[in-house]
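Student: Following this message is one structure expressed as structure tokens.
The values are calculated or read from the model by the stated rules, or taken from the named source; none is laboratory data. Fair warning: this is a prediction, and the values are worked out from it, not measured in the lab. No Cβ is skipped: glycine too gets one built from the backbone with ideal geometry, and neighbour counts run over all protein chains shown. Heavy atoms of the whole protein, side chains included, go into the accessibility calculation; ligands, DNA and RNA do not. Shrake-Rupley method; radii C 1.70, N 1.55, O 1.52, S 1.80 Å.
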Amino acid sequence: SPSPNSMLRVLLSAQTSPARLSGLLLIPPVQPCCLGPSKWADRPLGGGPSAGPVQGLQRLLEQAKSPGELLRWLGQNPTKVRAHHYSVALRRLGQLLGSRPRPPPVEQATLQDLSQLIIRNCPSFDIHTIHVCLHLAVLLGFPSDGPLVCALEQERRLRLPPKPPPPLQPLLRGGQGLEAALSCPRFLRYPRQHLISSLAEARPEELTPHVMVLLAQHLARHRLREPQLLEAIAHFLVVQETQLSSKVVQKLVLPFGRLNYLPLEQQFMPCLERILAREAGVAPLATVNILMSLCQLRCLPFRALHFVFSPGFINYISGTPHALIVRRYLSLLDTAVELELPGYRGPRLPRRQQVPIFPQPLITDRARCKYSHKDIVAEGLRQLLGEEKYRQDLTVPPGYCTDFLLCVGGSGAVLPVRTQDPFLPYPPRSCLQGQAASSPTTRDPAQRVVLVLRERWHFCRDGRVLLGSRALRERHLGLMGYQLLPLPFEELESQRGLPQLKSYLRQKLQALGLRWGPEGG
């Protein structure tokens, strides 16, 4: 069997353990009420009926007879474990190791498993719990360079108040000041007015493509929908048209589509059409990226679509490293043509070349999942409707991922999804509108309702305008026949606890005339 590591040697050392472990008795037990209520709790942890299981687990930990029992209580009760329980477990571990006359046996795997539990959960600890766990870990003899102490120390540092950013050098003005500011990782802390004033002070020769690309990337990355700055980028693109390659243009155009902003500059679209005509065969990926931005703005030029849907272009990109991403973009462009450009008569993307557009939640949603309202809305729908009457994260043709989808009968009854085809036909039946106009009683009574989460990061930073990709998704789902029910973040954030959220969802669904339960089928 492997020899004990340095942590275990210190813990079991007869010379060092008693002195260190005696310090554990000086730390009072941690009370659960110090953490306060969780976001969706109906009652605080410190009292009321919901506090019973939490306090019961604390008593079990405080009365554990061995390190293995401590680990078992923590591992078998994941829904009842709170941050303070880990400091209780560490304190009890010290008491067990310092007990007389014979401390219980300790296995290396038990200590490692306990360490990993704390490491995995310490990002959710408050600063008080982190300090207590760090102090206990040191007293217990865990190595200062070991994973447990390092993880706790890192979390402690993350919670320190940020240092104020260094001031910008006053000598840098105009284009130099703008480039220096945009290159600063903490620039978002500075007033936006600094960008505008630096741009105004810059001489024409200082506004290089590099500086303007930095500005465009900064606006897109931080969702800053600043009309003055966006108009300046549009004007620069028009003035420098002949000097710019499509690889630079794709970066300059990016914030317009992302921020859902069509500039007032009258030559913006004619300029881009000329650049696309000149550069389309030179840089295929840049060409498609430019068209993606214009698709979000509903400004697709027919001539460029003819080119990217031509057999020659499609065959060319099929042999390139970025073939899959280009095919995904072309599939989205083809969807936009189908739904939004009835007058287009040019070539289209062949069916065999089409791929799902967005077959899973977007990267930003996956990265921010712990801040999302999706889990709590799913629980509210489960309790309100039942699991069989909605589908979560269902991808509908031609490849849009929906948050929550309901199947609704002609009388407004919410139907079990398993008994229905949840997908509406794509392409949409072009004759439906004519049939509905001539014979309203013959229309298909089935409806598909999509609950759309509108999280805070789905908007530009001002919180009023949807990002281009989000607006495009909602627009296309609506054109395909899905009835959208938006759930704005302001309304979701105002619901305190699951009962309030269920009442909110009930009102939203009833406002659409939906029924469920025994009376709704």
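Student: Run the quick spin-label model on Arg72 and His210: label points 7 Å from Cα toward the beta carbon, then report their separation in nm to one decimal.
Tutor: Computed distance between label sites Arg72 and His210 equals 6.6 nm.
Student: Using alpha carbons only, how many angstrom separate the centre of the stretch 232-253 from the centre of the stretch 448-513?
Tutor: Result: 35 Å between the Cα centres.
Student: Quick one: what are the phi-derived ³J(HN,Hα) couplings along the stretch 118-131, Karplus 6.51/-1.76/1.60 with θ = phi - 60°, whole Hz, x for glycine and proline?
Tutor: After applying 6.51 cos²θ - 1.76 cosθ + 1.60, I find 5, 4, 5, 9, 5, x, 8, 6, 7, 5, 5, 5, 4, 4 Hz.
Student: If you don't mind, another one. Carbon and sulfur: what percent of the stretch 205-353's accessible surface (1.4 Å probe)? Don't jump to the answer; show the numbers that get you there.
Tutor: Details: 3540 of 6650 Å².
C and S fraction of accessible area: 53 percent.
Student: So how strong a dipole does the stretch 282-416 carry about its Cα centre when Lys and Arg Cβ are +1 and Asp and Glu Cβ are -1, to the nearest 20 debye? Walk me through the intermediate numbers first.
Tutor: Values: 15 positive and 10 negative charges, 85 e Å.
Roughly 420 debye, rounded to the nearest 20.
Student: Expressed in nm to one decimal, what extension gain is obtained for the pair Glu491 and Val465 from 0.36 nm per residue of sequence separation less their Cα-Cα distance?
Tutor: On the way: separation 26, 0.36 × 26 = 9.36 nm, distance 1.61 nm.
Value of the extension gain: 7.7 nm.
Student: If you place +1 on the Cβ of every Lys and Arg, -1 on the Cβ of every Asp and Glu, and leave all else neutral, what size is the dipole of the stretch 219-296 about its Cα centre, to the nearest 20 Debye? Write down the numbers at each step before the final one.
Tutor: On the way: 8 positive and 6 negative charges, 63 e Å.
My answer is approximately 300 debye.
Student: Can I ask one more? R0 = 41 Å: FRET efficiency of Lys247 with Ile119, Cβ-based, nearest 0.05? Present the calculation step by step, with values, prior to reporting the outcome.
Tutor: Working: r = 44 Å, r/R0 = 1.06.
That gives a FRET efficiency of 0.40.
Student: How much accessible surface does Lys374 have with a 1.4 Å probe, in Å² rounded to 10?
Tutor: Surface open to solvent at Lys374 totals about 30 Å².
Student: Also, I was wondering about something else. Over 25 Å between Cα atoms, which of Lys80/Lys370; Lys374/Lys502; Lys370/Lys502; Lys65/Lys370 qualify?
Tutor: Lys65/Lys370
Student: Still on this structure, please answer the following. Run the quick spin-label model on Thr320 and His128: label points 7 Å from Cα toward the beta carbon, then report their separation in nm to one decimal.
Tutor: 5.8 nm
Student: Here's a follow-up. Using heavy-atom solvent-accessible surface (probe 1.4 Å) with all chains present, what is the largest-first order of Lys65, Lys80, Lys502? Intermediate values should be presented prior to the final figure.
Tutor: Working: Lys65 145, Lys80 80, Lys502 50 Å².
Descending order: Lys65, Lys80, Lys502.
Student: Would you please give the residues with an amide H less than 5 Å from that of Arg515, counting only those at least 5 places away or on a separate chain, with H modeled from the backbone geometry?
Tutor: The list, which skips near neighbours in sequence, is Ala413, Val414.
Student: Still on this structure: Pick out, in residue order, every one of the chymotrypsin sites (Phe, Trp or Tyr not before Pro) in the stretch 320-425 that is DSSP loop and has at most 16 other C-beta atoms within 10 Å; say none if there are none. Walk me through the intermediate numbers first.
Tutor: On the way: sites: Tyr329, Tyr344, Tyr371, Tyr390, Tyr400, Phe404, Phe423; in loops: Tyr344, Tyr390, Phe423.
Loop-located and lightly packed - Tyr344, Phe423.
Student: From the residues Ile314, Val211, Val282, which one has its Cα farthest along the dipole of the stretch 205-353 in the positive direction, the dipole being from +1 and -1 charges on Cβ of Lys/Arg and Asp/Glu about the Cα centre?
Tutor: Ile314
Student: Would you mind getting me the FRET efficiency between Asp421 and Ser197? Use the beta-carbon distance for r and R0 = 35 Å, nearest 0.05.
Tutor: Values: r = 58 Å, r/R0 = 1.65.
About 0.05, to the nearest 0.05.
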